[in-house]
Structure formats: structure tokens, C-alpha cells
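Beneath this line is the structure, given in C-alpha cells, with notes to follow.
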Amino acid sequence: MPYIPSFKSILKSPITKNDIWVMLICLPFFINLAYLLFGKRYFEEQRVLTWATLIVCITWIISWRLHILAGHYMRIALQDVTQTTRRLLISGCIYVPLTGLITCILFYAFHMTGFLGYRFDLKSFILALLSGLLINLVATSFYEGLYVFEKWRSTLLEAETLKLEAEKLKRENLQSQLDGLKSQVNPHFLFNSLNSLSALISKNPDKAEMFLDEMSKVYRYLLRTNEQELTSLAAEIRFLNSYFHMLKTRYGDGIVLQMSVEKTHEDYLLPPLTLQMLIENAVKHNIILKEEPLVITIGTDANDNLTVSNTLYKKRLKVQSSKIGLANISAKYRLLNQPDIIIHESKTDFTVIIPLIRNFK
């Protein structure tokens, strides 16, 4: 059942820009109405021109306001775009009789008073009614066209707003996930590093000093890039060299790093700590022996991808994995609206392909 607005709410409805346009479009009709009332006298006699124009304009303002109130009523009662046909039919049933009634009253008032020497002419009266019908068709079409257009534009803007809000919520959700993943980066690395340092201090002070220097570089990089979205591949590799020095100190000949990164790719970007997480994963899940070293290979290709691969020799006791490292990297790429990482695993190798991001600076 359609909503029936109160008369009071209709009276309080503000005049819109569209209402003003309708007034300007219909004004020539009412000027023409003055001419139909008096014929050539309208232009020949100054008194007729002045008074007829004034009376017709006052009549027009009253008529326009009544039509606008009816129009506002229809917009509230039948405001959906799908109800346009119904709204047009009902509007026509209101506007046409209303215009006809006002025209009749105007002609009748002049006829009864004989004001300005007016004499009733049936032909002029019929032309006035036909002109009223025509102007109603034009004004209603224009008014409804503007209304439907604005509704359509409003729907598009609303859809766009909802889309933007959905994207914002999605981004905030990913950011929240990413923040959670950041806080879960393996804390055991710190304790393992301190244990290694403690063992070196008594056995090899010089090596311990070098280890401490590389360790300070690692943690300086961790603190500096914690809030950054991207870092250069060159900076990531410098950090990786310090990080790998610590691993090499701990595992000796049991771990090998092979690097084949093109110079042209060093300015490309990637999320910070990407390489550290992948190497940490490799160390965590594989047996590391001098006889069968864990070989980690890092390189770039012609498609601007960074490939990180390691030999696969999984530990017999299955390590509990939450896949935090890979999830962290993947989450960062989704957050940056970049292609996701690709993971390949064979019987002998585990490979992760990471898209490098071009630096346009």
C-alpha cells in the first residue's frame, strides 16, 4: 500500500531547482494566455498590456504552486523509479484538469467583470485549453525526465559509495590481518640469535663481535622497515646478507645461499622482510646437514619476478606450521592490489615466485 503523505508535510516541502525550471518553461504559455484573452489589443493598448500581464502572472504563480504541491505529493507517495508510468498517469489526471479549471476561472472572471473591455471569444477559449494541455505534456515530461535522471544518478552514486565502502572495509580487514601477522613473526629467532652469540663469546670473541655487528644491522632494518609498505630489492638483499651471516654462523656448511639477481631489478620494490620469512621457512621445515646442505637460490627473471627456491629435505618429525610467513607475504600483496605470490613444490624443491613492483620514482 503506497505511503500517503500529510497535507502539512506537502506544504512544508521546499521548492527545488527543477520546480524553478518548470516555472520558466511554462511562463510563455501564460503570457500567450493574456494574448488569447484580448487578441491584438494586448500589444496595442498599454493599459491592457500592463494589467493583463500582471493578472495572468499572479494567476500563473498560484497555478504553478498548486501544480508543484501536487507534484511533490506524487514524488512522496510514488517515489520509486519503477512507479514512473503510474506516477505519470496520475499526474496527468491531476495537472490537466487543474490547468483547465484555472483557465476557465480566469476567462470567466474577465467575462463576468468585463474588466479592460473583455469580450468572451469561444475560439480563443478553446485555443487556451489546448495550449494548457500541450504545456502540461511538455512540463510533465520535463519534470519527470529530470526526476528519473536524478534518481538514476543517485542510485549510481549510492552504488559507487557502497562499492568504495566495501573496498575500504576489505582494505581495513586486510590491514587488520596484516597487523596480526606482523606481530606473529617468529620470536624464536631472537632467542636463537642470543644463544648463538652467547656460545661464540667464550669460544671465538672475534667471530662473536662480527656476529653482533650483523645482528645489530638485522634488528636496525627490522625497526626501520616495520611501518613501511615497500622497500627496494637492493635494500632487502643487503639485509638478507646480514641475516644469512647469522644463519651461517649457526649452521656452518649446512646452509648455502646462491644469488643471481640482475642489476636492473635492484630498484624494484617488494614488501619488507619477504626474503627473511622465506628463508626462515626453509630453515624451519628442512633438515640441515653438512653432508646434505640446505641450498637456497634467489634470482630474478625476464618477467620481473623474484624466485626463491630451496632444496627439500623435510624433517622426519613434522613441524607444526601455521604458514604465517607465506600468509604474511600473500596478505601484503593483496593489500597492495598486486598479483599474488605463486608456490610450487616438487619432490626435491620448494619454490616461491614473487612479483616485483616497478619503482616509478
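The values are calculated or read from the model by the stated rules, or taken from the named source; none is laboratory data. Just so it is clear, the model here is predicted, and its values are computed rather than measured. Backbone-built Cβ (ideal geometry, glycine too); neighbour counts: all protein chains shown. The accessibility values were calculated without ligands, DNA or RNA, using every heavy atom of the protein model including side chains. Shrake-Rupley method; radii C 1.70, N 1.55, O 1.52, S 1.80 Å.
Structure above, values below:
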quantity	calculated
Formal net charge of residues neighbouring LYS40 (Cβ-Cβ distance under 15 Å; K, R +1; D, E -1)	+1
Backbone N within segment 334-361 under 15 Å of label point (7 Å from GLU262 Cα along the Cβ vector)	354-359
Ranking by accessible area, most exposed first, for MET246, MET259 with a 1.4 Å probe	MET259, MET246
Most to least packed among 287-294, 274-281 [average Cβ atoms within 10 Å]	274-281, 287-294
Protein-only accessible surface order, largest first, of ARG334, ARG220 at 1.4 Å	ARG220, ARG334
Solvent-accessible area of TRP21 with every protein chain in place, 1.4 Å probe, in Å² to the nearest 10	130 Å²
Packing-based ranking, highest mean first, of 111-119, 138-146, 153-161 given that Cβ atoms within 10 Å are counted	138-146, 111-119, 153-161
For LEU306, residues with placed amide H under 5 Å, excluding near neighbours	ILE354, LEU356
Ranked by how many other beta carbons lie within 10 Å on average, peptides 197-208, 125-136 from highest	125-136, 197-208
Accessible area of GLU262 in the full protein assembly, 1.4 Å probe (Å², nearest 10)	110 Å²
